[in-house]
Amino acid sequence: TDGWAFASIFLILPPVMLAIHWFCILFTSIIDKNNPNGKRIFLLMLWTIPAVSLATCGIFLTLAFSETVRVFTFVSLAMGIGMLILGNYMPKITRNRTMGIKTRLTMANEDNWYATHRVAGKTFFAGGLIMLINMLLPMQVQCFVGIVVLLACAVVPMIYSHRFYKKQLAQGK
């Protein structure tokens, strides 16, 4: 292959990411306009999508013109940085409908929301560090480690939220 298949994605990806960006701007401005953290969430979303778009286009262009690219290394770096940022930000998020861990239990109880997001912040931060270390591992292991880290970051806070709910029920709250 001459690499032009990957390069043609570069022509398709930016308009698609721009459409997603506009949709997220509209959605966030309508849904979370009364949220006290709405401005911070809006700014985070405003900068995240273009950053992801630029990184993705850069990866595809590099793939198009190089045969020795370690894509998972780029992915691990981007995910690691993103997860470190989210890990720092999650404990500060107030209850909202746009960003965070929005399960039935966290949305119904403010204590559960804050406790779950504190645990999620620690989980995401640890996951981000693991993803940065993951860049140094052999290519065959990087994908597996990435999937395990993502699953842990999704599942651990939900399990904690359920246990927090059960603990509150046992205490009569």
I'd like the FRET efficiency for ALA170 and MET107, computed as 1/(1 + (r/R0)^6) with the beta carbon distance as r and R0 of 30 Å, rounded to 0.05.
0.90
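Treat every Asp and Glu Cβ in region 93-168 as -1 and every Lys and Arg Cβ as +1, leave all other atoms uncharged, and give the resulting dipole magnitude about the Cα centre to the nearest 20 debye. Each step should come with its number before you reach the end.
On the way: 9 positive and 2 negative charges, 60 e Å.
So the magnitude is around 280 debye.
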Whole-Hz couplings from phi, Karplus 6.51/-1.76/1.60, listed for region 90-101; x for Gly and Pro
4, x, 8, 6, 7, 4, 8, 9, 10, 10, x, 9
Roughly what would the spin-label model give for ALA55 and LEU13, points 7 Å off Cα along C-beta, in nm?
1.2 nm
If you count, for each residue, the other Cβ atoms within 10 Å and average over each peptide, how do 17-26, 147-156 line up from highest to lowest?
147-156, 17-26
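Where a number appears in this text, it was derived from the coordinates with a stated rule and is not lab data. Keep in mind it's a predicted model, so treat the numbers as computed, not measured. Backbone-built Cβ (ideal geometry, glycine too); neighbour counts: all protein chains shown.
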